Amino acid sequence: MPTMIEAANDFVVKFANVNGSGSASANRLFVRSIIRMGVPVSARNIFPSNIQGLPTWYEVRVSEAGHLGRRGGVDLMVAMNPETWDADIAEIEPGGYLFHDSTKPVLASRLRGDINLIGVPLTAICNERYSDPRQRQLFKNIVYVGALSSLLGIDEAEIERLIREQFRSKEKLIPANLEALQLGRSYALDHLSGQLGLSVERADAVGERIFIDGNNAAALGCVYGGATVAAWYPITPSTSLADSFGSHCRRLRGEPETGRKRYAIIQAEDEIAAIGMVVGAAWNGARAFTATSGPGISLMQEFFGLAYFAEIPAVIFDVQRGGPSTGMPTRTQQSDLTACAYASHGDTKHVVLLPGDPKECFEFAAQSFDLADRLQTPVFVLSDLDIGMNEWLCDSLEWDDARRYDRGKVLDAEALDAMERFGRYLDVDGDGIPYRTLPGTHPSKGGFFTRGTSKDRFARYTERGADYVDNMERLLAKFETAKALVPAPEVASAAEATGLGVIYFGSTAPAMDEALAALDADGIRLDAMRLRAFPFSAEVEGFVADHDRVFVVEQNRDGQIRNLLVNEAGADPDKLISVLHYDGTPITARFIAGSIAARLRAADPAQEAAE
Amino acid sequence: MTHIAKPRFRHPKLPVNALGFTRRDYEGAVSTLCAGCGHDSISGAIIQACFELDLPPHRLAKLSGIGCSSKTPTYFLGNSHGFNSVHGRMPSVLTGANLANRDLVYLGVSGDGDSASIGLGQFAHCLRRGVDMVYIVENNGVYGLTKGQFSATADQGAKDRRGGANPDAAVDLPSLALLMGATFVARSFSGDKAQLVPLIKAAMRHRGAAFIDCISPCVAFNNHAGSTKSFDFVREHNEAVNFLDVFTGRDEITADYEEGTVQEIVQHDGSVLRLKKLGADYDATDPVAALAYLQSHQTAGEVVTGLIHVKAAAEDLHARMETVEAPLSSLDEAELCPGADALAAINAALR
Ligand SMILES: Cc1ncc(C[n+]2csc(CCOP(=O)(O)OP(=O)(O)O)c2C)c(N)n1
Ligand code: SF4
Ligand SMILES: [Mg+2]
């Protein structure tokens, strides 16, 4: 008999499914029922770049301690895809469990001796109950959720409630789903009790948190932030951001009296047109954004330069995926930092926001419109597939009704009448940010010609070198101003003073939290700084200066944020040690803690000998 | 090159329009194009059309791409906002601008390189979408600004200055515009102001995508014998299908024409387009016939000009998208932000 892993509220379940089989909503039901039990869960989709018939996985980590990064390893594999059977079985930890459809016997040669088998005759149960092939397929998913929930001790009432909520608008479907759930539960009760050492126990560790994906949250942030024009071109993993914006707008943005739309969404012919529309709309006073991923960022480059130089607010969401080229379209990475921070030709630098979870996707989305308007420049919001397309457990979204949009320095007709002479590119306030006017404002004042070619402070065409330099220097001053306006980094200090620091950002956050705890348990103390934006504030420079060695953890090959720290924050390159993870899977705490501990041992062999 | 301010002295006897503006008030900076460039005549026609339409200059936004043609918005309507964007992408910028504020008049100015080469995709797509605008291509068959390379509208076999023949087939923008569903399609000639001014006026009063292909000879690089975009060639081969008179609200509509010789079209804003038929019995409201007519006459070496097609009851992008009447750029927090209570409900559904 193999050993049995025993664990309550701390294990990993992985579902191996066939894409397009209807498993996604059943798996989601499973996860949400655990959250309703008060136990934190993180769940990640791993899917190929195909629509139907190919393998897809859903990896669920249950962690009462609240570790929401990917753990690695699998305690319970729900093997629903014969094609990937061998690889799936290989992933199970010794003493772990294989949940499978036992309608047909499994050859012993395709099993492992050190894992435990839990069989449910799913096909047989469904074939007996349903005659329609589509129903047989769909309800099989609910039947396995029923069986698993019973084995794990998930409260039946929670799942039932979720099913009722899910089908509120299609009530007819409720009884059939509840019945399928019971088919699974009663089989497990009758035949499988005591076979699984993993369990979910009611806890109080979730609180008011919500389960939401970053793209959905960012789309909501766009609605709350007052975006009215969205132009985009479909590309994974950003598509669901535009889609969600559309569905939120349909619900929240109709004019009550007429039903007409207080928004415009255009699916453009390509990314160049999408960013062109955003630039045109923003030039004309609307809050506008596009959502894309790496290849789209490449196509938009010329417009980024124009918007930077002509000083037009624009918001760009880059939900990063593995690159270059078409790269790994359905895998995650943080590899567009350089492409965005220095996007376009000529001397350009851009504001880049780095949300660390879906809640920050919401907040930074809303804030990006204020920043773009205030700074009159493109603002990039960089998330990635892990945050963007996976639901994360995060704090509730918040909005203060007293909050007003910061539309920046826009002159109205009255202000124009009151002023001596309007100069579009005059630095009146000494912060590098000029005043702008919108088309149609005043019959005779404030009109100017926007151009990408060089101009003087009064927006008149010029090729004089001195005028060009004057303008470029002002743009640098404006970038300085941005440092104080963008989200500040967050610092978590170690329990005791240490010369070691770690810098990280974005979706690395949950894995880093867990890694820090693990390292601390091993006596390795690190002060940690989570970057939330570029350009870096003085605080970032100070953090590097204050430590002897700083690990820089990022999910790309070339250490892109490290390069930015050296280039833009004057960081001493000898102090910065890269920890890089870029195989397309989300970074894990095991990887971070292991890498940092190994680097420390390598740097200090004496310590290793002493241990 | 710096900006040259024009002396703004006002002749007491200059005629004024209904807004009290003279033609001068619609001018811009002095042109820096080559003397005799067709593009300058088109700027003059735009100025004339806006003056005659009593258009408040600040209620028009002028957008362009890159090229000699795209520079011209500096040379007219100096009080209007303008946007010299990037090469071939004016249509997307204009589309975005129009989405933000549907209350302004949008004038897109482009070249044949800008619209038929690098920007062919955006040209086609903004017409498909029915963006409410006037889109003028100042078509000289070459890239003027980069010194005379053939553009995609150069006719097959047309000669460059050194006598080399263009090997490629030409993109015919009016035909493409018809295929893309443009609801106002015209072609004119920079040397024929009498034809061009009414076409611009009608286009500005049209709701929907209005396209004017205006042959505009480049005196520096494409005005020689063997060119099919030279002044001489266009004058000799110009085949106008009709002559247009535009009557707007304050004009008195006269009726001194023979039965069957004119076609009158009333646009959505009440402006009346009176088309005097020339030669063949041409019906400008039938896009399919218009396309066939263009194809057959161009094959015969003619340059077909006039109002090629108009759909009076056209819809624009905003109508199709059902956006609110107010400009989207004018909406504030009260109209755009759903507020904390709505967010609390959203949170609750995500637990
Ligand atoms: C992306 C890009 N490629 C190339 C150029 C160089 N360029 C400037 S204008 C032009 C052609 C303009 O031709 P057209 O639109 O016909 O205008 P014209 O000068 O003939 O009026 C080119 C290729 C550019 N500005 N941008
Ligand atoms: S080069 Fe040609 S198109 Fe350009 S200004 Fe001179 S004549 Fe006009
Ligand atoms: Mg040209």
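The values are calculated or read from the model by the stated rules, or taken from the named source; none is laboratory data. If you're wondering where the values come from, they're calculated on a predicted model, not measured in any experiment. Here the Cβ positions follow ideal geometry from the backbone for every residue, glycine too, while neighbour counts run over all protein chains shown. Surface areas here come from the heavy atoms of the whole protein model, side chains and all, with no ligands, DNA or RNA. Shrake-Rupley method; radii C 1.70, N 1.55, O 1.52, S 1.80 Å.
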Shielding by partners - mean other protein chain Cβ count within 10 Å, residues of B:340-349: 6
Proximal charge balance of A:Gly72 [Cβ under 13 Å; K/R count +1, D/E count -1]: 0
Whole-Hz ³J(HN,Hα) from phi, Karplus 6.51 cos²θ - 1.76 cosθ + 1.60, for the range A:564-575, glycine and proline x: 5, 5, 5, 5, 10, 10, x, 6, 6, x, 5, 7
Per-residue [θ]222 nm for chain A (sum of -39500 (n - 2.57) over DSSP H runs n ≥ 4, rounded to 500): -12000 deg cm²/dmol
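Starting from the Kirkwood Rh over alpha-carbon pairs, what translational D in µm² s⁻¹ does the range A:413-485 have by Stokes-Einstein at 4 °C and 1.567 mPa s? Let's see the in-between values first.
Numbers: Rh = 13.2 Å.
Answer, rounded: 98 µm²/s.
Shielding by partners for A:227-236, please: the mean number of other protein chain Cβ atoms within 10 Å of each residue's Cβ. Write down the numbers at each step before the final one.
Details: counts 2, 11, 8, 1, 4, 0, 0, 0, 0, 0.
Partner Cβ neighbours, averaged per residue: 3.
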In the range A:421-460, the chymotrypsin sites (Phe, Trp or Tyr not before Pro) that fall in loop regions by DSSP, at most 15 other Cβ within 10 Å: A:Phe458
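Find the percent of Cα-Cα distances in the range B:225-270 that exceed 15 Å, and round it to a whole number. Kindly include the intermediate steps, with their values, before the conclusion.
Values: 651 of 1035 pairs.
The share of Cα pairs beyond 15 Å in the range B:225-270 comes to 63 percent.
When the solvent-accessible surface of protein heavy atoms is calculated with a 1.4 angstrom probe, in what order do A:Val13, B:Val171 fall, highest first? Could you put the intermediate results ahead of the total?
Details: A:Val13 0, B:Val171 40 Å².
Ranked list, largest accessible area first: B:Val171, A:Val13.
Would you work out the charge dipole size for the protein assembly as shown about its Cα centre, treating the Cβ of every Lys and Arg as +1 and the Cβ of every Asp and Glu as -1, and quote it to the nearest 20 debye?
Numbers: 92 positive and 122 negative charges, 385 e Å.
The dipole magnitude comes to about 1860 debye.
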Residue-averaged 222 nm ellipticity for chain B, from DSSP H runs of 4+ at -39500 (n - 2.57), nearest 500: -8000 deg cm²/dmol
In order through the range B:123-129: 3J(HN,Hα) via Karplus (6.51 cos²θ - 1.76 cosθ + 1.60), integer Hz, x for Gly, Pro: 4, 5, 6, 6, 6, 3, 6
Projected label distance in nm at B:Asp286 and A:Ala402, using a 7 Å step from Cα toward the beta-carbon: 7.0 nm
Projected label distance in nm at A:Glu463 and A:Glu171, using a 7 Å step from Cα toward the beta-carbon: 7.5 nm
Accessible area, probe 1.4 Å, largest first, for residues A:Thr326, B:Thr95, A:Thr453: A:Thr326, A:Thr453, B:Thr95
Sorted largest first, extent of the range A:490-610 alpha carbons per principal axis (Å): 41, 32, 23
Among A:Gly523, A:Ala26, A:Phe551 the positive-end extreme of the charge dipole of chain A (Cβ point charges): A:Ala26
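Please give the FRET efficiency for A:Glu414 paired with B:Asp168, using the beta carbon to beta carbon distance and R0 = 41 Å, rounded to the nearest 0.05. Intermediate values should be presented prior to the final figure.
Numbers: r = 55 Å, r/R0 = 1.35.
Plugging the Cβ-Cβ distance into 1/(1 + (r/R0)^6) gives 0.15.
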Among B:Ser69, B:Leu199, B:Asn84 - extreme Cα towards positive end, dipole of the range B:23-320, charges at beta-carbon: B:Asn84
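Run the dipole for the range A:490-610 about the Cα centre, Lys and Arg Cβ at +1, Asp and Glu Cβ at -1, nothing else charged, and hand back the magnitude in debye, nearest 20. Could the numbers behind the result be given before it?
Working: 10 positive and 19 negative charges, 59 e Å.
With only Lys, Arg, Asp and Glu charged at Cβ, the dipole is about 280 debye.
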Filtered trypsin sites (Lys or Arg not before Pro), the range B:218-292: DSSP coil and at most 15 other beta carbons within 10 Å: B:Arg250
Loop-resident sites, the range A:488-575, for GluC sites (Glu not before Pro), counting at most 14 other Cβ within 10 Å (DSSP): A:Glu496
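What shape does the range B:23-320 have by the C-alpha gyration tensor, where a ≥ b ≥ c are the square roots of the eigenvalues, rounded means a/c under 1.5, and otherwise prolate means a/b greater than b/c and oblate the rest?
On the way: a/c = 1.44, a/b = 1.14, b/c = 1.27.
Rounded, because the longest to shortest axis ratio a/c is under 1.5.
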Sequence-distant residues sharing a close amide H with A:Leu198 (under 5 Å, placed H): A:Ala7
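Between chains A and B, what is the buried accessible area summed over both chains (1.4 Å probe, protein heavy atoms, nearest 100 Å²)?
Details: alone 25700 and 16350 Å², together 36530 Å².
Chains A and B together bury approximately 5500 Å².
For the range A:212-394, compute Rg over Rh where Rg is the Cα radius of gyration and Rh is the Kirkwood radius from the inverse mean 1/r over Cα pairs.
0.94
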Reference-scaled alpha-carbon Rg (2.2 N^0.38 Å with N residues) for the protein assembly as shown: 1.09
Interchain or long-range residues, amide H under 5 Å from B:Val303's placed H: B:Asn238, B:Glu239
Carbon plus sulfur fraction of accessible area for chain A, probe 1.4 Å, in percent: 50 percent
Accessible-area value, A:Lys349, 1.4 Å probe, nucleic acids and ligands omitted, Å²: 50 Å²
In Å, descending, principal axis extents of the Cα set of the range A:7-199: 43, 40, 38
Under-5 Å amide H pairs with A:Ile312, H placed in peptide plane, nonlocal only: none
Shielding by partners - mean other protein chain Cβ count within 10 Å, residues of A:431-441: 4
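Given the convex hull over the Cα atoms of the range A:317-406, what projected area results after averaging over all orientations, in nm²? Intermediate values should be presented prior to the final figure.
Numbers: hull surface 27.0 nm².
Orientation-averaged projected area of the Cα hull: 6.8 nm².
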Residues along the range B:62-86 losing 50 Å² or more of accessible surface when the other protein chains are present rather than the chain by itself (probe 1.4 Å): B:Asn79, B:His81, B:Gly82, B:Phe83, B:Asn84, B:Val86
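Less than 10 Å Cβ to Cβ from B:Ala326, Lys/Arg counted +1 and Asp/Glu -1: what total charge do the surrounding residues give? Each step should come with its number before you reach the end.
Details: positive: A:Arg260, A:Arg262, B:Arg102; negative: A:Glu255, B:Asp103, B:Glu325, B:Glu335.
Summing Lys and Arg as +1 and Asp and Glu as -1 gives -1.
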From phi via Karplus (6.51, -1.76, 1.60), per-residue ³J(HN,Hα) for the range B:117-122 in Hz, x at Gly/Pro: 9, 4, x, 4, x, 5
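Just to make sure I understand: if all protein chains stay in place, what is the order of B:Lys13, B:Lys201 by accessible area at 1.4 Å, largest first?
Working: B:Lys13 170, B:Lys201 25 Å².
Descending order: B:Lys13, B:Lys201.
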Shape box of the range B:73-221 [Cα atoms, principal axes, largest first, Å]: 49, 31, 30
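Given +1 on the Cβ of Lys and Arg, -1 on the Cβ of Asp and Glu, and no further charges, what dipole in debye does the range A:399-548 carry about its Cα centre, rounded to the nearest 20? Let's see the in-between values first.
On the way: 19 positive and 27 negative charges, 245 e Å.
The calculation lands at about 1180 debye.
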